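Here's the structure we're looking at; comments come further down.
The values are calculated or read from the model by the stated rules, or taken from the named source; none is laboratory data. As the structure is a prediction and not an experimental result, all values here were calculated from the model. Please note: Cβ atoms are built from the backbone with ideal geometry, for glycine as well, and neighbour counts cover all protein chains shown. Only protein heavy atoms, including side chains, enter the accessible area calculation; ligands, DNA and RNA are left aside. Shrake-Rupley method; radii C 1.70, N 1.55, O 1.52, S 1.80 Å.
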Amino acid sequence: SGVISSNTTWSAASSPYIVTGDVLVSEGTTLTIEPGVTVKFNGDYYFYIDGTLLARGDIENLITFTSNQSSPQKGDWKYIKFRDSATDASFSNGSYSSGSIMEYCIVEYGDNNRDDSTNEYYTGMVWCYKSAPLIKDVIIRESYGNGLAFTDASGADSLVVLNCTITNNNSIGLTFYGSGKISVRNCTITNDGLNMHYGSYGSIENCI
C-alpha cells in the first residue's frame, strides 16, 4: 500500500503481492511487474498510475490483478487508473518502444464506481484518464461495472487496444468518453457492450 516513489520491481519470486491499501506509482517513477506475478487486492482499494507501469507478462506467464477473497466476487476491489501524468506509450515504426504498458495480463473482480477525487463517473476496471498506455493481449473480465474506459484524452497520444478479450462485465466492455483518439484492433468482446460518447474518434478493426 501507499506511494511508490522510487523505481521498483515486483518479482515473480516474491509473488503474490497483497494490496492492503490504495497504491500510487508517483510521477517520474517506474513500477515494473515481472511475468507470472499475481497482485491480489485485499479490499476496496485503488491502483493509481501517475508515472510509468511496465506490466509485461508473456503468453505462458500472465500477470494477474485479482481479488484476495477466497470466493472472489465482482466489486471486491476498485480499479487500475492511469492518470493525466502517467507516461503514455510511445511507438517506433508501429511497434511499442517505451512508456506505460499492460501486456499479457488478466484483470478481474474489480469495480468502477466514480472516483471521489475527481467526481468522474465514466470509469472502468482499467481506466485511462487523460492518458494512453498500450493495452495489449489483456483479459478484462468480471468487473462490477465497465471493463475498459478511456476518458478525456485530448492531450494524449492515441490509445491502442490490441488483441484483448473483454468479457462478462456488468455494464459496458469498452467505453470511450470525451475527446481523444482510439485504435482497437483484433479484440473480442463478449456478454458486454461498446460505447463511444461525444468527441472520441479513431478505428475499430478486425474485432468480434
Review point. From the set of residues in the range 70-101 that are outside any strand (DSSP E or B) and without any contact (Cβ under 8 Å) to a residue 24 or more places away in the chain, which is farthest from ASN42 (Cα to Cα)?
Key: ASN93
Practice item. Identify, from the list ASN191, ASN186, ASN170, the residue that is modelled with pLDDT of 85 or more and surrounded by 16 or more Cβ atoms within 10 Å (Cβ to Cβ). Key: ASN170
Review point. What single numbered condition from (1) buried (at least 20 other Cβ atoms within 10 Å of the Cβ); (2) hydroxyl-bearing (Ser, Thr, Tyr); (3) outside any strand (DSSP E or B) fails to hold for THR175?
Key: (3)
Check your understanding: Taking the condition within 22 Å of GLY147 (Cα to Cα), polar (S, T, N, Q) and open to solvent by less than 50 Å² (accessible area, probe 1.4 Å), does THR52 pass?
Key -> yes
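Quick test for you: out of GLY21, GLY28, pick the one residue that is over 22 Å from SER131 (Cβ atoms), at pLDDT 95 or above and in a loop (DSSP other than H, G, I, E, B).
Details: GLY28 fails: over 22 Å from SER131 (Cβ atoms).
None of the others qualify; the one that does is GLY21.
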Practice item. For the range 36-49, enumerate the residues that are farther than 16 Å from TRP127 by Cβ, open to solvent by 50 Å² or more (accessible area, probe 1.4 Å) and in a loop (DSSP other than H, G, I, E, B). Key: ASN42
Revision key, fill the gap. Among (1) modelled with pLDDT of 95 or more; (2) surrounded by 14 or more Cβ atoms within 10 Å (Cβ to Cβ), THR123 falls short only on (1)
